[in-house]
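So the structure is just underneath, and the comments pick up after that.
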Amino acid sequence: MQKKIYRLLYQIGLALIFTFSNAQGSNADDSRIWASQCFQCHGTNGYPVGDMDEIGGKDPNSLYEELIEMKYRGKTEGIMDLHARGYSDEQLRAIAEYISAQSESKQQEEERNQEEEREEEEEEENHG
Ligand code: HEC
């Protein structure tokens, strides 16, 4: 009987340690979830088709600095300031690291090239 109680206490202890250590920092899954929001505008993994700013694969420190600047510049100049304020500094660091590590897929690259060709053709039609 006593053994059972000790085992139960031991398991509760483990569960608490696990929960607490998860809440402390961020893991890869958290980063992916936080960054997935960004990809709705900046394209899958940060590689957009069209005019949006490409953020995938950028240097993690400059990404982080940009996000911090957006978060703390006081006045709201654009949509990004609001986004940046939705995260803690630690989360922004994790997001910057995650996005920086992403690369463009072959399919995305092809789509981007096609889009650029289409744009060039349109321009030629408009000017010629
Ligand atoms: C609703 C659309 C939208 C979402 C979601 C969004 N962004 Fe942006 N982002 C923009 C727009 C638009 C700009 C262009 C600058 C501006 O208007 O503020 C921008 C600009 C940026 C820039 C500056 C790019 C450069 O080349 O200077 C960075 C970095 C950036 N976003 C990162 C992020 C990150 C990280 C997230 C997720 C936390 C995110 N964005 C989510 C729309 C979005």
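Looking at the stretch 79-128, which of its residues are of a type in the set (S, T, N, Q) and either touching a residue at least 12 places away in the same chain (Cβ under 8 Å) or surrounded by 13 or more Cβ atoms within 10 Å (Cβ to Cβ) (or both)? Talk me through it step by step, then tell me what you get.
If we filter the stretch 79-128 for residues that are of a type in the set (S, T, N, Q), which is where we start, we get 88, 91, 100, 102-103, 105, 107-108, 113-114, 126.
Those that are of a type in the set (S, T, N, Q) and either touching a residue at least 12 places away in the same chain (Cβ under 8 Å) or surrounded by 13 or more Cβ atoms within 10 Å (Cβ to Cβ) (or both): Q91, S100, Q102, S103, S105, Q108.
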Original post:
Hey, does the stretch 47-55 have a residue that's touching a Ser or Thr at 6+ places or on another chain (Cβ under 6 Å), of a type in the set (A, V, I, L, M, F, W, C), at pLDDT 90 or above and surrounded by 12 or more Cβ atoms within 10 Å (Cβ to Cβ)?
Top reply: no
Original post:
Looking only at residues in the stretch 67-99 that are part of a helix (DSSP H, G or I), among the small types (G, A, S) and near the ligand (Cβ under 10 Å from one of its atoms), which one is nearest to A35 (Cα to Cα)?
Top reply: A96
Original post:
Quick one: what pairs do we get from the stretch 16-43, first residue farther than 14 Å from I55 by Cβ and at pLDDT below 80, second surrounded by 10 or more Cβ atoms within 10 Å (Cβ to Cβ) and not charged (D, E, K, R), C-beta under 6 Å, 6+ apart or different chains?
Top reply: S26/A94
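The values are calculated or read from the model by the stated rules, or taken from the named source; none is laboratory data. This structure is a prediction, so every number in the text was calculated from the model and none was measured. Positions of Cβ are backbone-derived with ideal geometry, glycine not excepted, and every protein chain shown enters the neighbour counts.
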